[in-house]
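**Q** Structure below; questions to follow.
The values are calculated or read from the model by the stated rules, or taken from the named source; none is laboratory data. This one's a predicted model, so the numbers in the text were calculated from it and none came from an experiment. Cβ sites come from the backbone with ideal geometry, for glycine too, and all protein chains shown count toward neighbours.
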């Protein structure tokens, strides 16, 4: 799905939650067509060339967005999960919401044999890559809130081409590498299996029941 279409999908479902009195949420799984998104904390030096040149060099869209964080890349092979909920109804603060998103990703990749962890003051989830054992980011997280409703969510690198990440400073973290579940495991990973485990992790961490909606 194109990023703009994903935003519109969120707006439609998010509007339904603004006056919500019950602790219900909208959980959307998708894979984006190639796109660089520039979050609110994107600085000029996080891009290694102009936005136009970045698009020409990679063939990806470049889009400014209202989510937190800096620049990142989305593409096929990356599972993006948008979680829309009313913070007041759920009695959550935005930082607790971010913590829970990290917990969801850590719980999910553990099901595949990966030990994910947090890095202090850096939102997201990391794994230690072999053989050097350096921490590399496997899941990016960025959210926004409007009228108490959260938008955006997490993007888990399952099995995608990482070359576009070399065109930017991912999440504004210079010197920090990016990896995928497949690279960290040294084998291919089935996307549908990750979707199943991710949905279960959301249910467990948020204490919710998943009810499938639109296909």
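**Q** Take the conditions more than 20 Å from residue 86 (Cα to Cα), buried (at least 18 other Cβ atoms within 10 Å of the Cβ), in contact (Cβ under 8 Å) with a residue 12 or more places away in the chain and within 18 Å of the chain's Cα centre (by Cα) and apply them to residue 105. Does it pass? Give the steps one after another, and end with the answer.
**A** Numbers: more than 20 Å from residue 86 (Cα to Cα): yes; buried (at least 18 other Cβ atoms within 10 Å of the Cβ): yes; in contact (Cβ under 8 Å) with a residue 12 or more places away in the chain: yes; within 18 Å of the chain's Cα centre (by Cα): yes.
Criteria met by residue 105.
**Q** When you look at residue 58, is it surrounded by 15 or more Cβ atoms within 10 Å (Cβ to Cβ), under 30 Å from residue 208 (Cα atoms) and either touching a residue at least 12 places away in the same chain (Cβ under 8 Å) or over 21 Å from the mean Cα position of the chain (by Cα) (or both), yes or no? Spell out how you get there, then give the answer.
**A** Values: surrounded by 15 or more Cβ atoms within 10 Å (Cβ to Cβ): yes; under 30 Å from residue 208 (Cα atoms): no; either touching a residue at least 12 places away in the same chain (Cβ under 8 Å) or over 21 Å from the mean Cα position of the chain (by Cα) (or both): yes.
The answer is no for residue 58.
**Q** Here's something else I'd like to know. Here are some residues: 168, 205, 194, 149. Which one is under 15 Å from residue 105 (Cα atoms), modelled with pLDDT of 90 or more, touching a strand residue (DSSP E or B) at 6+ places or on another chain (Cβ under 9 Å) and surrounded by 15 or more Cβ atoms within 10 Å (Cβ to Cβ)? Please lay out each step first, then the result.
**A** Working: 168 fails: under 15 Å from residue 105 (Cα atoms); 205 fails: touching a strand residue (DSSP E or B) at 6+ places or on another chain (Cβ under 9 Å); 149 fails: under 15 Å from residue 105 (Cα atoms).
None of the other options fit; the residue is 194.
**Q** Are any residues in segment 18-36 at pLDDT below 95 and surrounded by 14 or more Cβ atoms within 10 Å (Cβ to Cβ), and if so, which ones? Show your work before the answer.
**A** Within segment 18-36, the first condition is being at pLDDT below 95, and the residues that meet it are 18-24.
Hits for segment 18-36 are 20, 23, 24.
**Q** OK, next. Quick check on segment 39-50. Is at least one of its residues touching a helix residue (DSSP H, G or I) at 6+ places or on another chain (Cβ under 9 Å), at pLDDT below 95 and assigned to a strand (DSSP E or B)?
**A** The answer is yes, given that some residue of segment 39-50 is touching a helix residue (DSSP H, G or I) at 6+ places or on another chain (Cβ under 9 Å), at pLDDT below 95 and assigned to a strand (DSSP E or B).
**Q** For segment 64-93, give me each residue that is in contact with a strand residue (DSSP E or B) (Cβ under 6 Å, 6 or more places away or on another chain) and farther than 20 Å from residue 160 by Cα. Before you say what the answer is, go through the steps one by one.
**A** First, the residues of segment 64-93 that are in contact with a strand residue (DSSP E or B) (Cβ under 6 Å, 6 or more places away or on another chain): 64-69, 71-74, 78-86.
Those that are in contact with a strand residue (DSSP E or B) (Cβ under 6 Å, 6 or more places away or on another chain) and farther than 20 Å from residue 160 by Cα: 64, 65, 66, 67, 68, 69, 83, 84, 85, 86.
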